[in-house]
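Inspection log for the structure reproduced underneath, given as structure tokens.
Derivation of every value follows stated rules applied to the coordinates shown; laboratory data play no part. Quantities reported herein were computed from a predicted structural model and do not represent experimental measurements. Backbone-built Cβ (ideal geometry, glycine too); neighbour counts: all protein chains shown.
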């Protein structure tokens, strides 16, 4: 059998791309654990994020394929590199507990995060396009210097850190000049660590694999389908569906997550429209739905722990998150041939019910409103730079009476979060 041997130039290119991929993965992991729509970012790519995440029917950049794979046919040959800087503020207050006085705890031991993203699209002809995107998800990240669970017997600092990287090879096909479909294979790599949760050991089927086990990792895979269609000169529509991304188990934490340490990525779906009422102005609206309740470790109620359902068991207790519906609205204005300006708004209901605030000290996700803005500047016909900013104002979720069970001294927990985000990106169009 003849086996071709890459020449020196090929080997050098392979080494460069391998190095780039490894560096991006290394940078991505520490920072992907803060999300906006619960477990997900509000959108993918600096331009889309500057429009509140609205982009299913309004693709503007290579990373648009992470939201709608069919976008690949509409974007030409392009490569994009982004960096998103996040500054979250997380806190929890325990009130009315018999074991210690009321106290507020800061979960901001880790204050700053950087999330790099990249994507590449290449047109194979008038009908076919391929691409690949690398981006991050997450939603569980806290570090409490003073452990909120210390009054229940825990020691040391407390917190969790979940990092998720998705690499999505994509192929899209133009059915007619105005209608395209696409599919992406989502390859998931996730890491997780938890510490300071020893007080829950008596409720676990495997207390030795509950807390303070350093980082563990798992792999998974799923699929995303998309459609993009132009109905008139002023109206474009799109839709996307993502399957549950089935992942392996965190064996070091099989006493914490349901089903022996399993943490899948939830399924989601959404639809969007893009309206062009005036030349140079686009108004995009997306509605997306995320099925958190379909993942046991996230959606199962924590309250079952007090009725004999052990942590780590099949269909065991989870964080009790509700499904999330996000409504995203964005406006993009071509102010000049080179300058684009955009604003956006995103509303997503809180995923944490007020009777599940006790376990969600570890993941105080209370954000409901996001206000965004952004701009792009075409330096040359091929090079473009973009920026965006996002502010999610502070929201306090008051826990229901009795959110802390009587066996832990009763009382309740209030959660509070806010978020600042800044993003920068560069895109290059090639022939």
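Numbers below:
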{"quantity": "Length added when fully stretched, residue 369-residue 287, from 0.36 nm per residue minus Cα-Cα", "calculated": "28.1 nm"}
{"quantity": "Förster radius 30 Å - calculated FRET efficiency between residue 85 and residue 341 (Cβ-Cβ, nearest 0.05)", "calculated": "0.90"}
{"quantity": "Estimated distance in nm for a label pair at residue 246 and residue 279, the labels positioned 7 Å out from Cα along Cα-to-Cβ", "calculated": "5.3 nm"}
{"quantity": "Cβ crowding within 10 Å averaged over residues, with 301-309, 147-155 ranked highest first", "calculated": "147-155, 301-309"}
{"quantity": "Cα-projected label distance for residue 100 with residue 202, points at 7 Å along beta-carbon direction, nm", "calculated": "1.7 nm"}
{"quantity": "Residues of segment 63-90 with amide N under 20 Å of the 7 Å Cα→Cβ point at residue 382", "calculated": "63, 75-82"}
{"quantity": "Mean Cβ count within 10 Å, highest first, over the residues of peptides 218-227, 61-70", "calculated": "61-70, 218-227"}
{"quantity": "Relative contact order computed over segment 68-187 (Cα-Cα under 8 Å; 6+ residues apart), in percent", "calculated": "28 percent"}
{"quantity": "Contour excess over end-to-end distance, with Cα ends at residue 422 and residue 146 and 0.36 nm allotted per residue", "calculated": "96.5 nm"}
{"quantity": "Extension gain from residue 315 to residue 223, taking 0.36 nm per residue of separation minus the Cα-Cα distance", "calculated": "30.7 nm"}
{"quantity": "FRET efficiency for residue 232 and residue 431, using Cβ-Cβ distance with R0 set to 30 Å, rounded to 0.05", "calculated": "0.50"}
{"quantity": "Relative contact order of segment 19-429, pairs being alpha-carbon contacts under 8 Å that are 6 or more residues apart, as %", "calculated": "18 percent"}
{"quantity": "Proxy reagent accessibility, fewest Cβ within 10 Å first, across 388, 118, 51", "calculated": "118, 388, 51"}
{"quantity": "Among [x] 5, 22, 31, 22, 13, 6, 1, 0; [y] 4, 17, 23, 22, 17, 11, 5, 1, 0; [z] 4, 19, 28, 25, 16, 7, 2, 0, the entry derived from the coordinates for P(r) over Cα pairs in 10 Å bins from 0, in percent", "calculated": "[x]"}
{"quantity": "Length-normalised contact order for segment 155-289 - Cα pairs under 8 Å, 6+ apart - percent", "calculated": "19 percent"}
{"quantity": "Per-peptide average of other Cβ atoms within 10 Å, ordering 293-300, 37-44 highest first", "calculated": "37-44, 293-300"}
{"quantity": "Value of [θ]222 nm, deg cm²/dmol, for the chain, DSSP H segments ≥ 4, -39500 (n - 2.57) each, nearest 500", "calculated": "-2000 deg cm²/dmol"}
{"quantity": "Inter-centroid distance (Cα atoms) of segment 229-273 relative to segment 148-211, Å", "calculated": "12 Å"}
{"quantity": "Where labels lie 7 Å past Cα in the beta-carbon direction, separation of residue 157 and residue 127 in nm", "calculated": "5.7 nm"}
